[in-house]
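Enquirer: Take this structure, written in structure tokens, and hold onto it; I'll ask about it next.
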Amino acid sequence: MSEPTFAEGPPVPLMVEGLIDATTLRQLFTDLATAASVTEVREKGDPRGYALPTGLTPAQARDRLLSGLTRAVQVRYRYDGHEWTDTILRIPPGYRVVRCRHDG
């Protein structure tokens, strides 16, 4: 998989996004727990603020998203030799996931 590039500057990280439901959100966190090495979880409670580092585990972040206690989380992890960030935002009717692969 190659990264998009511009004529000037470094490669742009590979990024994909999609909408998922609660069942798929649960599966995403199960997959992260079994196949990835999670390095950081950030929580975003304020629509105008930045996601802040937290002491949350991935399971706690999942539960806070599902219960509506938080607006969004970022999960940073290593998988398949790459570093990844999943940003997960709670929106009607489900969850928006933006996945970014960081190389370099």
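The values are calculated or read from the model by the stated rules, or taken from the named source; none is laboratory data. What you are looking at is a predicted structure, and each value in this text was computed from that prediction instead of being measured. Heads up, the Cβs are rebuilt from the backbone with ideal geometry, glycines too, and the neighbour counts pull from every protein chain shown.
Enquirer: Filter the range 34-51 down to residues that are of a type in the set (Gly, Ala, Ser) and at pLDDT 95 or above, then give me how many there are.
Expert: Final tally of qualifying residues: 3.
Enquirer: Within the group 85, 54, which residue is at pLDDT 95 or above and surrounded by 12 or more Cβ atoms within 10 Å (Cβ to Cβ)?
Expert: Among 85, 54, only 85 is at pLDDT 95 or above and surrounded by 12 or more Cβ atoms within 10 Å (Cβ to Cβ).
Enquirer: So, of the residues in the range 1-29 that are of a type in the set (Asp, Glu) and part of a loop (DSSP other than H, G, I, E, B), which turns out to be modelled with the lowest pLDDT?
Expert: Among residues in the range 1-29 that are of a type in the set (Asp, Glu) and part of a loop (DSSP other than H, G, I, E, B), the one modelled with the lowest pLDDT is 3.
Enquirer: Please enumerate the residues belonging to the range 56-73 that are of a type outside the set (Gly, Ala, Ser) and in a helix (DSSP H, G or I).
Expert: Passing the criteria: 58, 60, 62, 63, 64, 65, 66.
Enquirer: Would the range 74-81 turn up any residue that is exposed (fewer than 11 other Cβ atoms within 10 Å of the Cβ), on the phi > 0 side of the Ramachandran plot, modelled with pLDDT under 95 and not in a helix (DSSP H, G or I)?
Expert: Yes: one or more hits.
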